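The structure under discussion appears below in the form of structure tokens.
The values are calculated or read from the model by the stated rules, or taken from the named source; none is laboratory data. The structure presented is a predicted model; accordingly, all values stated were derived computationally and were not measured. Here the Cβ positions follow ideal geometry from the backbone for every residue, glycine too, while neighbour counts run over all protein chains shown. Calculation scope for accessible area: heavy atoms of the full protein, side chains included, ligands and nucleic acids excluded. Shrake-Rupley method; radii C 1.70, N 1.55, O 1.52, S 1.80 Å.
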Amino acid sequence: MNIYVCIKQVPDTEASIMVKDGKSINEASVKWIVSPYDEYAVEEALKLREKLAGSRVTAVCLGPERAQNALRTVLAMGADAAVQVESAAALDSWNTARALAHVIRADKEFGVVFLGRQAIDGDASQVHLLLAGELGVPAATNVLAFACDGKTARVEREVGGGAREVIEMAVPCVMAAAKGLNTPRYASMMGIMKAKKIEIRKVPLAETGADEAQNRVRLLKLSSPAEKPQGQVIPGEPADAVRELVRRLREEAKVL
Amino acid sequence: MAKIGIYIELDKGTFKKSNRELLSLARQGGHEVCAVVFCADAAPYLDELKGVRTVIQVSGGDLAYQPDRYARTLAAVIAEHRLEVLLGACSAQGKDLFPRLAAKAGAGLVNDCLAVDLAARKAVKPVYSGKLLAEYQVEGGCALFTVRPNVIPVQPAAGAPPEVRPAAMDNGDTPTRVVEVIQAASLKVDLTEAEIIVSGGRAMKAKENFAVLEDLAQVLGAGVGASRAAVDAGFATSDMQVGQTGKVVNPKLYIACGISGAIQHFVGMKTSKVIVAINKDPEAPIFKKADYGIVGDLFAVVPLLKEEIKKALG
Ligand SMILES: Cc1cc2nc3c(=O)[nH]c(=O)nc-3n(C[C@H](O)[C@H](O)[C@H](O)COP(=O)(O)OP(=O)(O)OC[C@H]3O[C@@H](n4cnc5c(N)ncnc54)[C@H](O)[C@@H]3O)c2cc1C
Ligand SMILES: Nc1ncnc2c1ncn2[C@@H]1O[C@H](COP(=O)(O)O)[C@@H](O)[C@H]1O
């Protein structure tokens, strides 16, 4: 099976994020990583390849030049090939999905396409389902368990309150990973060496049909939220402190 | 004045609180509001829907949630009623349904909004896990927004009773087929919509010890959450994880027990109205972020807290 995994490069979870000119962030001291949910997607793609003989995993990332580092990470984890859609444009989720769909659709035999349920920069939570719409294939998101025999996929997804929905769909299909699906592997030394030799295929954005001018959702402004004033530690013996806490929760904060 | 639709989410027939929040938002500004309800009979909900112009009652055939059918039905409702905006809750179902609808209807979508300007089709939502806020505008067509639960204050329903108009449920193909819904062994409060959450971290030390938090949660009618350290250690299940790679929660009261307050945890609960921290280390970073803190052993403090709250709530 020709398996695909779409990954986004995002700032490290520890990074402090500063607004630059009202519409973008200051990238000066940012360390970049593969978005955490996308790592679960990569792991699941590799597991499926191990199960279905003769399969290949291709990683696709839309982003500027630095995004190649994210693709190298995924190649080092074990992906066979990588494609970068070269773009520094501020695309909305739909245009991103269109560009990714262009790359995947060119392969008439694409099978399961893995994504994350959310990229932790824009937190848009929709590219996976828009991609499925563009490809005209079924999709499941927030997936905690995945099984596929090559023809159909069966997934379990969390739907709130601890309940799980079981979904069946025919391959080709899209699935978006949640935490708990698996434990992503680390890149081995050998993997890192091997990854260096694989050429990343580059696709210019213009070739994909995606175009910032056609965005359906336009970013107007980025800002930093107001910081909360620092709270107070309530002193005293546990029993006294607890009594005082409950009083304040009722009288001051009015949440009880 | 714009024509605003609200997707009403029912939970096994119960009218969810998030619907009241969406209704409160839509009733401001004198817009024409339509509520879309998938049910055989909307009568039990009409009291909640006062002030809404039209209730579009989608019925006929199988009404069980099938994402393809729901998305196609809503796309048809948007077209027929010329809705300029459709609002939904950013719940588990909202996050599944609205992006599919966006694809189907060729519409722009902003998920997880904290504020929406309906007339201007603008919304503010957290990005970078809440480290920043972004303002977006949706171009052309019907603008889709899902709104984070517990953000919009609920106003009591008021106004004239709505007119009920039927709409046909799409019973066509389900390429993405829901074959079964497995309920949780015990009924759990959905954390993303919970009003109060009691969370435990690595300090819980064992799965059984979460009973201490569950006791407190029960008195409060709260949900029980966990840090990633607690989930990774196997003390809690992954659906309980709060944080950057878990759930983003927005309760009015969040009680963090034995959680250090790492940035990845904090971004998942920072918008809580009131944060209480219980930690034995006075230097724990969580105290810088909490509204109220108690320095002490959680296994001593939490049971005392439970008793004190029990007394207070009578
Ligand atoms: C990519 C990435 C994503 C992540 N996503 C998340 C996420 O979604 N959610 C999340 O929570 N974390 C996440 N983390 C992990 C995060 O960085 C922290 O490691 C984690 O939150 C720590 O959990 P903790 O506070 O329970 O444990 P610790 O940091 O070990 O803190 C335990 C605390 O308990 C206190 N304590 C110990 N015993 C007692 C006692 N008896 N009574 C009272 N207090 C006691 C200690 O003083 C300490 O402060 C992520 C990390 C990365 C790198
Ligand atoms: N620029 C991108 N390149 C590749 N994949 C992406 C990109 N943006 C989003 N995705 C994928 O879509 C998922 C959901 O992203 P989002 O809708 O932006 O939250 C991510 O977890 C990725 O798998």
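What the table below lists for this structure:
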item	result
Within the range A:147-254, helices (runs of 4 or more DSSP H) holding 1 or more residues that are open to solvent by less than 30 Å² (accessible area, probe 1.4 Å) and of a type in the set (Ser, Thr, Tyr)	A:205-208
Scope the range B:283-300; condition facing chain A (nearest Cβ under 7 Å) and open to solvent by 30 Å² or more (accessible area, probe 1.4 Å); matching residues	B:Lys288, B:Asp291, B:Val295, B:Ala300
Residue satisfying all of: in the range B:121-147; open to solvent by 10 Å² or more (accessible area, probe 1.4 Å) and of a type in the set (S, T, N, Q); modelled with the highest pLDDT among these	B:Gln137
Failed item in (1) at the interface with another protein chain (Cβ under 10 Å from one of its Cβ atoms); (2) surrounded by fewer than 20 Cβ atoms within 10 Å (Cβ to Cβ); (3) touching a residue at least 24 places away in the same chain (Cβ under 8 Å), with B:Ala103 passing the rest	(2)
Pair list, Cβ < 7 Å and 6+ apart or interchain, from the range B:243-255 residues that are more than 8 Å from chain A (Cβ to nearest Cβ) and more than 20 Å from B:Val219 (Cα to Cα) to residues that are among the β-branched types (Val, Ile, Thr) and assigned to a loop (DSSP other than H, G, I, E, B)	B:Gly243/B:Val267
Pick from the range B:267-281, criterion within 9 Å of ligand 1 (Cβ to nearest atom) and surrounded by fewer than 22 Cβ atoms within 10 Å (Cβ to Cβ), ranking: farthest from B:Gly201 (Cα to Cα)	B:Val267
B:Gly258 vs. criteria within 16 Å of ligand 2 (Cβ to nearest atom) and either buried (at least 23 other Cβ atoms within 10 Å of the Cβ) or over 29 Å from B:Val147 (Cβ atoms) (or both)	no
Breaking point among (1) touching a helix residue (DSSP H, G or I) at 6+ places or on another chain (Cβ under 8 Å); (2) more than 16 Å from ligand 1 (Cβ to nearest atom); (3) more than 30 Å from A:Ala153 (Cβ to Cβ); (4) of a type outside the set (A, V, I, L, M, F, W, C), for B:Gln218	(1)
Complete set of residues in the range B:242-255 that are open to solvent by 20 Å² or more (accessible area, probe 1.4 Å) and either part of a helix (DSSP H, G or I) or more than 16 Å from ligand 2 (Cβ to nearest atom) (or both)	B:Lys252
Within the range B:19-68, tally of residues that are in a helix (DSSP H, G or I) and more than 30 Å from A:Met169 (Cα to Cα)	12
Count of the range A:221-240 residues which are within 7 Å of chain B (Cβ to nearest Cβ) and under 9 Å from B:Val295 (Cα atoms)	3
Set A:Gly54, A:Gly116, A:Gly111, A:Gly133: member being within 14 Å of chain B (Cβ to nearest Cβ) and away from ligand 1 (no atom under 16 Å from the Cβ)	A:Gly133
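Let's see how each residue does on (1) modelled with pLDDT under 95; (2) at the interface with another protein chain (Cβ under 10 Å from one of its Cβ atoms):
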{"site": "B:Ala158", "(1), (2)": "yes, no"}
{"site": "B:Arg165", "(1), (2)": "no, no"}
{"site": "B:Thr174", "(1), (2)": "no, yes"}
{"site": "B:Val179", "(1), (2)": "no, yes"}
{"site": "B:Leu187", "(1), (2)": "yes, yes"}
{"site": "B:Val198", "(1), (2)": "no, no"}
{"site": "B:Gly201", "(1), (2)": "no, no"}
{"site": "B:Ala206", "(1), (2)": "no, no"}
{"site": "B:Phe210", "(1), (2)": "no, no"}
